[in-house]
Amino acid sequence: MKESKKKTNYFLNSCSPIIEKGVAESIHKKTFEKIELNKDISILPPPAKTGKKTRLWVSVLSGSVAAAILLLAVFSIKHTKEEPNFMDIVSLTENQVYENNSDEVVLILSDSRQVVFSQDELIAFTSDGVLDYPITTSGDKKDDATQESLNQLLVPKGKSSQLLLSDGTKVWVNAGSRIFFPKVFSKEKRNIYIDGEAYLEVAHNADRPFHVTANGFDIKVLGTSFNVFAYKNDDMKEVALVSGKIEITDQQNQVLEMKPDELVSFAQNSILEKKQVDAKNYTSWINKILILQGETLTAITHRLALTYGVEIHCDSSIGKEEMFGKLDLNNDIKEILNYLELMLPISVTQEEGTFSLRQK
Amino acid sequence: MSERELLNKIKEGDISMFRRFIDLYNRDLYLFSLGYVSTREIAEEVVSDVFLAVWKNREKLDQIRSVKSWLLVMTKNQSISYLRKEQPDTIISIDDIGEADNYYIPQIQAPDNNIISLEEMARINEAINALPPKCKEVFMLAKIEQIPYKEIAQILNISVKTINVHIAKAIGVIAKLLNE
């Protein structure tokens, strides 16, 4: 018996898998080859930080009102500067594995409990971070949940949701999106992470600026309302501000201040251009209206597929057709596609749940 | 040199310190990845992807509380991405990574065959690999890589209590074989 205990200890303390020869060298070699390939994006020195500018707009905004922005983004690299641990926590949280291929809106609390909500049902948190809902949850409650763990709201394709955060900020969350937010915000700042599209009305609090972290850039706001469109599979990144003022920091640490009705677009995680738009057109989805201002049919069908949770194939020969007008998203997807069929020289067919758009 | 000092040097772009960093972690990351992907070639790809991500993000290395946990989380995500043949070039993306179907503990060997014989070792390896995947994942991190339970809890998103259960089970199996 004693012998076996000794052996067990020997096993646990001294035995381990043998690694083949050359693995370490090979990992070195591969790593540096990859760094070489990525040189254009990895070796760029970060521009000097413009802390002065930040303070300027903070003071301007401290007496200010609500604002609204919209953003379209691709996710590639995490980047936060001001909140040391937030993305760190996000990267740990994102690794948490849940059965989130569910068709329902699921809220995963920081203690791992899960709550399912119906379409557009308001999910409200009280000021002390408690979910204001008669909880009937699934999932084991973890006993070691810390203040640092994040709540996650997962909204599948074809659904949307509304969220009231503990600070009074309201978030409309669109289809196929995820929001990570702390149980309670820190005293200095409020930080949330968005993957997908959301419209936010941020509760004004000059002492605790609100940060939206998206991969590729960071948005700093005080009291403001804004819309985030940030699906990782989308090649486009945009921010449109409806009212108020915001500050965007891209991955090259370029800082840009935005005024209402300005649209900023990004290319490869750095700010590309700024132009004047009617920013309200970018937040119409919360009222179930899609305003089209010359978007291509490819972009529109991509968006409809997400909103309705269906597959839509658009033939490349008609993909560049541009559309203007409004689509009422309260309508059935079939009605919407029938409408497109009337407007454009296309024909729509349906096979096993997949819609196909072809040239007529 | 402390880990913090090393990270600060890497942040400044010191390639030789980055090489040292790779030496420091490549064994543990490689073994952890091998458990998911089971082939050397892919595990090497995974680990070099993770180190690439570290280099790309070196500016914020000092903001990471536990570098090893961070590396292991990325290694797991990237391993599973490779298994699913997903685009492996977006290592740091926020993906719904999910779980691997299985986990393998690479063949464990004893430095001294007089204490544990080759036959015993073969039986132990077989028995360990017959354990449930999650149990093996935990065993790899806790006993082979010596990661503190609290960090494992975060990496795998399970409670310390659960880790204890898995480890007790694995050690029970090993002790039983060594008692025969």
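The values are calculated or read from the model by the stated rules, or taken from the named source; none is laboratory data. Everything numeric in this text was worked out from a predicted model, so none of it was measured. Neighbour counts run over all protein chains shown; Cβ positions are idealised from the backbone, glycine included. The accessibility values were calculated without ligands, DNA or RNA, using every heavy atom of the protein model including side chains. Shrake-Rupley method; radii C 1.70, N 1.55, O 1.52, S 1.80 Å.
Which value, in Å² rounded to 10, gives the accessible area of A:SER356 with a 1.4 Å probe and all protein chains present?
20
Quick one: pull the percent of accessible area on chain B belonging to carbon and sulfur, 1.4 Å probe, ligands and nucleic acids left out.
Summing carbon and sulfur atoms, their accessible area is 51 percent of the total for chain B.
Pairs A:LYS5/B:LYS169; A:LYS274/B:LYS56; A:LYS288/A:LYS334; A:LYS237/A:LYS274; A:LYS274/B:LYS60: which are spaced more than 18 Å apart, C-alpha to C-alpha?
Numbers: A:LYS5/B:LYS169 15 Å; A:LYS274/B:LYS56 27 Å; A:LYS288/A:LYS334 16 Å; A:LYS237/A:LYS274 12 Å; A:LYS274/B:LYS60 28 Å.
With Cα atoms farther than 18 Å apart: A:LYS274/B:LYS56; A:LYS274/B:LYS60.
Please report the net charge: other residues with Cβ closer than 12 Å to the Cβ of B:ARG123, K and R +1, D and E -1.
Working: positive: B:LYS176; negative: B:GLU119, B:GLU120, B:GLU126, B:GLU180.
Taking every Cβ under 12 Å from that of B:ARG123, the sum is -3.
Could you give the nm distance between label points at B:ARG65 and A:ASP207, where each point is 7 Å from its Cα heading toward the beta carbon?
In this crude label model, B:ARG65 to A:ASP207 measures out at 2.4 nm.
When the label point is put 7 Å from the Cα of A:MET343 along its Cα-to-beta-carbon vector, which residues of segment A:152-179 have a backbone N closer than 18 Å?
From segment A:152-179, the list is empty.
Looking only at other chains, what is the average number of their beta-carbon atoms within 10 angstrom of each beta-carbon in B:45-53?
Average neighbour count from other chains, rounded to a whole number: 5.
First select every other residue whose beta carbon is under 15 angstrom from the beta carbon of B:LYS169; then total the charges, Lys and Arg +1, Asp and Glu -1.
Details: positive: B:LYS134, B:LYS136, B:LYS143, B:LYS161, B:LYS176; negative: B:GLU137.
Local net charge: +4.
Any idea what the relative contact order of chain B is, in percent, if you count C-alpha pairs under 8 Å spaced at least 6 apart?
Worked out over chain B, it gives 20 percent.
Mean residue ellipticity at 222 nm from the helices of chain B, using -39,500 (n - 2.57) per DSSP H segment of n ≥ 4 over the full residue count, to the nearest 500 deg cm²/dmol?
So the calculated ellipticity at 222 nm is -20500 deg cm²/dmol.
Could you derive backbone 3J(HN,Hα) for segment A:307-322 from the dihedral phi with the Karplus parameters 6.51, -1.76 and 1.60 (θ = phi - 60°), listing whole Hz in sequence and x where the residue is Gly or Pro?
For segment A:307-322, the Karplus-derived couplings read 4, 9, x, 10, 8, 10, 9, 10, 5, 5, 5, 10, x, 8, 4, 9 Hz, x marking Gly and Pro.
What ³J(HN,Hα) values, in whole Hz, does the Karplus curve 6.51 cos²θ - 1.76 cosθ + 1.60 give for segment A:111-122 when θ = phi - 60°, with x put for Gly and Pro?
Once rounded to whole Hz, the list reads 8, 6, 6, 10, 10, 9, 10, 8, 3, 6, 6, 6.
For chain B, compute the orientation-averaged projected area of the C-alpha convex hull (one quarter of its surface), in nm².
Over all viewing directions, chain B projects a mean Cα-hull area of 11.3 nm².
Greater than 32 Å separation of Cα atoms is the criterion. Which listed pairs, A:LYS30/B:LYS68; A:LYS34/A:LYS275; A:LYS30/A:LYS187, meet it?
Over 32 Å apart, Cα to Cα: A:LYS34/A:LYS275; A:LYS30/A:LYS187.
Report the label-to-label distance for A:VAL130 and A:GLU20 in nanometres (one decimal), using points 7 Å from each Cα along the Cα→Cβ vector.
5.8
Which of B:PHE139, B:PHE51, B:PHE21 moves the most in a Gaussian network model of chain B with Cα springs under 10 Å?
The residue with the greatest mean-square fluctuation here is B:PHE21.
Could you report the buried accessible area between A and B, both sides summed, computed with a 1.4 Å probe and given in Å² to the nearest 100?
5800
For A:ARG303, what accessible surface area do you get with a 1.4 Å probe? Give it in Å², rounded to 10.
Its heavy atoms expose roughly 40 Å² to the probe.
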